[in-house]
Amino acid sequence: MDFREYYKKNAEEYAKNFGMVNTEILEIFLREVRPGGTILDLGCGPGQDVDYFSKRSFRATGVDISESMIRLAQRERLGTFCVGDMVCFSGTDTFDAVWSASALFTHLYKNERRKTLKNIHRLLSDGGVFGTIVRKKMKGKRKKGFFSYNTEEVVTELCEAGFVPEREHFFIQDGGSEWIGIISKKGTLTDSL
């Protein structure tokens, strides 16, 4: 089953089982965002991170490809939510920060990630902050539709897209799986080489 179809059919179950907030990585991210700033969450799912940002006086907007997830977020969370595809999201506003928890690196193939990272770069104000988390690469087969990485792979893609990675943070989540949080600043292509 395609991940889009999965989230469409299982929004409530996903929110119940995986819609928790990892405050540790979110606080690291928020320290880099100006107080009261604007944050775009791409792949927001049921909106738990947008809600967390909003409760801390940030102006947060969540975008997700799943209408079911957005309806759930609008019903239960603080913040602004809309249906959209992170690969080609065409918002005209710029944001102080963009957050994309695991959707960007978990579900998208490399060509889609490149387009999305370019889009995120466009949506960020000068000096803006980009935060993401990725599942750390493990030995063995990957679960269909879910990718995992080592830090170097993610940093390389971020640099190629014009970001300057500044912080890495490792943590355990989801029953023992290892994750990497990376906070980057918007730079230029020459900054990141």
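Brief remarks on what is shown
- Residues within the stretch 72-99 that are touching a Phe, Trp or Tyr at 6+ places or on another chain (Cβ under 8 Å) and within 30 Å of GLU152 (Cβ to Cβ), tallied: 3
- Qualifying residue in the stretch 50-63 (condition: free of Cβ contacts under 8 Å to residues at least 24 places away in the same chain and within 15 Å of THR132 (Cα to Cα)): yes
- Of residues in the stretch 145-187 being of a type in the set (S, T, N, Q) and under 16 Å from THR116 (Cα atoms), the one modelled with the highest pLDDT: SER184
- Hits in the stretch 66-88 - residues which are closer than 27 Å to GLY127 by Cα and out of contact with any helix residue (DSSP H, G or I) (no Cβ under 6 Å at 6 or more places or on another chain): THR80, CYS82, GLY84, ASP85, CYS88
- Strands (runs of 3 or more DSSP E) fully within the stretch 36-112 counting 3 or more residues that are closer than 26 Å to ILE180 by Cβ and of a type outside the set (A, V, I, L, M, F, W, C): 59-64
- Among the residues of the stretch 114-144, those that are at pLDDT below 90 and either charged (D, E, K, R) or within 19 Å of ASP64 (Cα to Cα) (or both) comprise ILE133, VAL134, ARG135, LYS136, LYS137, LYS139, LYS141, ARG142, LYS143, LYS144.
The values are calculated or read from the model by the stated rules, or taken from the named source; none is laboratory data. Everything quoted here is computed from the prediction, not taken from an experiment. Cβ atoms come from the backbone with ideal geometry, glycine included; neighbour counts cover every protein chain shown.
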